[in-house]
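Every read-out reported here was derived from the displayed coordinates using simple, explicitly stated rules and does not represent laboratory data. Source: prediction; values computed, not measured.
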Amino acid sequence: MPQIPAGLQELTVGQVSARSGAAVSALRFYEAKGLIGSRRTAGNQRRYSRDTLRRVAFIRAAQRVGIPLATIRDALAELPDERTPTREDWARLSETWRSELDQRIEQLARLRDHLTDCIGCGCLSLETCVLSNPDDMRGGYGSGSALLSERGRARGG
């Protein structure tokens, strides 16, 4: 891993990429999404502060556990003065993300458990298939057009 001189306060996009392991294109994407920031030199080159490395590490760790970028951006926006996340920030945020991850794990387990049955029957019925129509709460009331006409009657239309 390339070392960055201790006195260097701003890094090029290549230095951030080499040190963080994130592709240059990913860094540009993170910047476009408001996850990291840079300043431009007179020659229009990006310069990142050293703490960008920690922000990128935070983003990549959150992504690895399945947190969407929009959620990560919102979490980073809550930090005062857009400061670098600390260990305490990660602990607090990961606790709030835990229940969301648990729900996703349960959904994936249900999907896995129904996958064999679905492939085994071969029908892939859109009316009853747990893959094509998961957790169908209104299926017993009819298809979409029947529901629309039912709503129109309920409104007097």
query: Working out 0.36 nm times the residue gap between Glu100 and Leu8, then minus their Cα-Cα distance, what length gain in nm do you get to one decimal?
result: 29.2 nm
query: Amide H neighbours of Thr84 under 5 Å, counting only residues 5+ apart in sequence or on other chains, H built in-plane at 1.01 Å?
result: none
field: Stretchable slack from Gln107 to Ala91, in nm (0.36 nm times residue separation minus alpha-carbon distance)
entry: 3.3 nm
